[in-house]
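Chemist: The following block contains the structure, expressed as structure tokens.
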Amino acid sequence: LPAKIEEAIAQESRKSPEAFKAFWLLELRNLKRQFEKDGIMETPWLRSYTEKLMADVRRKMEGTNGVVVLLGPTGSGKTVAAKKMAKELSSDGKFEFVSAHSKMTPEDLLFRMGIAVDSIEVSDVPRLVIQAQEQYQKENPDVTPEELKHGKQMIKNILEKRAATPFMITKRVFESVARAAKEGRIVVIDEFNYLPPETLAVLNNLLSVKAGSQGNITIGDKVEEFVVKEGFGVIFTGNVGEAYLKRQKLDPALVNRILTGIVEYSYPPQEIDKSFHNSTLTNDEIKEGKTSEPNRNLFQINLTHLVDTKGNLVAPEHALDEIWNFSRVIALIEKLSAGKDFRSLGLDSPVTQGVSSFKFEMIFPSFRNLNQVTREWKLDGFTKPLNWYVFQNIIRPASVIAPKEAAQLFYLFKDWGGMFDGESWNEVDVDPTTWRIGGLDRVSEPKEGAPKLRHYSTDDVVEAFSGMEVPSYEDLKLVSSDEGTRISAKEQLRQQEMEKNTSEMEAEIAILERELKEDPLHRIIELLETICGESAQAKVTAPEGSAS
């Protein structure tokens, strides 16, 4: 649904506890289905935001001869947004994608170590291991012997694993661009500010060619000529600022094109200061006019991973608090990565006392990290604490590429997020004045145990996801005439009709409870979905020229 319509329905749903819970459970279940199908999640805020961005992108495309630059923080989801936009803008839904960046993955680590091959042969592994380990030691001269040993071992493990699983590296930029130009499609160039100026200059020349005219591009030692087809365009994504434009010797024409086509993309808002229990608006606050701010997007994504396809949540007692803290630390790191000072965020905490300034240049926790941590926690049956998955998926890999940034990450998750408490983490030592971290190789995997799980109520899940307390009939009762308020005859009839409908619904729910012995709310939603699905299949033809 368009964002404005969905927002109106959400507001209308507060007139009934059942409607409110049904609306937000459907929202949660739709997110679950979306991720299982496409690997992405668009929270209500993200849908509304993307809708506005898309309108801006279309205008920019027309004014720049098919060039848009989507700028935003690393890990904010702008790449996913760019792909979605490219799909919508391309006539057949197909588009080209090329990555110009290096991120914290095994493949990227190999690339960073100078190992850029289509596949790794088993016979090459010993030589490549030595080459990569020597470079790692050269780039990290301050690490302790135990940290060096750990880093070298991880490199060896990654290489040996990749030797058994060949992988394709990113297609060259020019090949993707030429193909898009010939076929009239959009090409997404991710993190384009990593490209050298001469590559960007060639792209700018091609982008200057009008549809239907002859264009060419040099790929290797060959010049490929073709007719640029209508529909060709480029969506750049990156973190380009004034410093980059000054540092690189870019063609002024390209700089002008970039500046004209800029569309800013923001990180999804997530509360970083409040505790989970203080983040939910009460019915009294809502009656006073307070509105729910879109400040729990990362938490909503994490919660969606934990529930089943119907919206049921069976998890450890403090699971909601844990994923809330995890979400807000990720959001805090994003702000620090964007160059914001801890104190400028209005945060009052001893976390900054005696601490060097936070600085992240290579490690940027992204949605991929967020999804991986929470999903693995659930898939393992919650048999290990959440912080173990944070350590395995974020801290340990970061320690190989950027030990000092790994130290900052560990510090923030521990002191701001309340993680890494207990004896198992005492071996890890972080010096916040120099950002040195030690003892990572002495951390052992927690022994599996059967955790005590709790079946969260529908109200618990809905309030956590929406950020609002479920309305009650007591709060929704109309003020009686005895209290000095006149109720019109029309309003009285409406109230009577509502009471009648409520009685009928309660009777139907009682029957469903007896027959099915399951949560009636979920059953009602299933029936609604079935009805809507059948209705959607019916073909209705309106008279020509009539209003739709």
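Chemist: At a probe size of 1.4 Å, how large is the accessible area of HIS277, to the nearest 10 Å²?
Modeler: Accessible area, nearest 10 Å²: 130 Å².
Chemist: For the full complex of protein chains and a 1.4 angstrom probe, list ILE9, ILE394, ILE401 by accessible area with the highest value first. Before the final figure, lay out the partial values.
Modeler: Details: ILE9 75, ILE394 0, ILE401 25 Å².
Order by accessible area, largest first: ILE9, ILE401, ILE394.
Chemist: May I pose another question? Probe 1.4 Å, all protein chains in place: accessible area of LEU379 in Å², nearest 10?
Modeler: 140
Chemist: In addition: Run the simple label-point estimate for THR383 and ASN256 please: 7 Å along Cα→C-beta, distance reported in nm.
Modeler: Placing both labels 7 Å along Cα→Cβ, they lie 6.4 nm apart.
Chemist: Over 21 Å between C-alpha atoms is what I'm after, so list which of LYS84/LYS378; LYS15/LYS287; LYS52/LYS83; LYS378/LYS452 land there. It would help to have the intermediate numbers written out before the result.
Modeler: On the way: LYS84/LYS378 28 Å; LYS15/LYS287 12 Å; LYS52/LYS83 16 Å; LYS378/LYS452 14 Å.
Violating the 21 Å limit, Cα to Cα: LYS84/LYS378.
Chemist: Using a Förster distance of 41 angstrom, determine the FRET efficiency expected from the C-beta separation of GLN372 and ALA201, and round it to 0.05. Walk me through the intermediate numbers first.
Modeler: Details: r = 38 Å, r/R0 = 0.92.
My answer for the efficiency is 0.60.
Chemist: Taking the Cβ of ARG454 as the centre, find all other residues whose Cβ is under 13 Å away and add up their charges (Lys, Arg: +1; Asp, Glu: -1).
Modeler: With Lys, Arg at +1 and Asp, Glu at -1, the net is -3.
Chemist: Do any GluC sites (Glu not before Pro) in segment 281-323 lie in a DSSP loop with no more than 10 other beta carbon atoms within 10 Å, and if so, which? Intermediate results must be reported in sequence, preceding the final value.
Modeler: Details: sites: GLU285, GLU288, GLU317, GLU322; in loops: GLU288, GLU317.
Counting only loop positions with at most 10 other Cβ atoms within 10 Å, the GluC sites (Glu not before Pro) in segment 281-323 are GLU288.
Chemist: Something else now. To the nearest 0.05, what FRET efficiency results for LYS15 and GLU36 with a Förster distance of 25 Å applied to their C-beta separation? Write out the running numbers ahead of the final one.
Modeler: On the way: r = 32 Å, r/R0 = 1.27.
In this case the efficiency is close to 0.20.
Chemist: Something else now. Using modelled backbone amide H atoms (1.01 Å from N, in-plane), which distant-in-sequence or interchain residues come within less than 5 Å of VAL470's amide H?
Modeler: Hits under the 5 Å cutoff: none.
Chemist: Quick one: what are the phi-derived ³J(HN,Hα) couplings along segment 399-411, Karplus 6.51/-1.76/1.60 with θ = phi - 60°, whole Hz, x for glycine and proline?
Modeler: Computed from phi, the couplings for segment 399-411 are 5, 6, 8, 9, x, 5, 6, 5, 4, 5, 4, 4, 4 Hz.
Chemist: Holding the Cα-Cα limit at 28 Å, pick out from LYS4/LYS310; LYS310/LYS335; LYS290/LYS384; LYS152/LYS340; LYS21/LYS274 the pairs that are longer than that.
Modeler: Over 28 Å Cα-Cα: LYS310/LYS335; LYS290/LYS384; LYS152/LYS340.
Chemist: When a/c is below 1.5 the answer is rounded, else prolate if a/b is larger than b/c, else oblate, so apply that to segment 175-216 with a ≥ b ≥ c taken from the square roots of the Cα gyration tensor eigenvalues. Present the calculation step by step, with values, prior to reporting the outcome.
Modeler: Working: a/c = 2.53, a/b = 1.49, b/c = 1.70.
Because a/c hits 1.5 or more and a/b fails to exceed b/c, segment 175-216 counts as oblate.
Chemist: For ASP38, what is the net charge nearby, where nearby means another residue's Cβ is under 14 Å from its Cβ and Lys, Arg count +1, Asp, Glu -1? Don't skip to the answer; put the middle values down first.
Modeler: Values: positive: LYS32, ARG33, LYS37, ARG47, LYS83, LYS84, LYS87; negative: GLU36, GLU42, GLU88.
Neighbour charge sum, excluding ASP38 itself: +4.
Chemist: While we're here: With label points built 7 Å along Cα→Cβ from the Cα atoms of THR291 and GLN137, find their separation and express it in nm.
Modeler: With each label placed 7 Å out from Cα toward Cβ, I get 6.1 nm.
Chemist: Shape call for segment 9-70 from the C-alpha gyration tensor, a ≥ b ≥ c root eigenvalues: rounded (a/c under 1.5), prolate (a/b greater than b/c) or oblate? Spell out each step's value before the answer.
Modeler: Working: a/c = 5.59, a/b = 2.07, b/c = 2.70.
Oblate.
The values are calculated or read from the model by the stated rules, or taken from the named source; none is laboratory data. Because the structure is a prediction, the values reported are computed rather than measured. We place every Cβ from the backbone using ideal geometry, glycine too, and count neighbours over all the protein chains shown. Ligands, DNA and RNA are stripped out before the accessible areas are found, and what is left, the full protein with its side chains, is counted by its heavy atoms. Shrake-Rupley method; radii C 1.70, N 1.55, O 1.52, S 1.80 Å.
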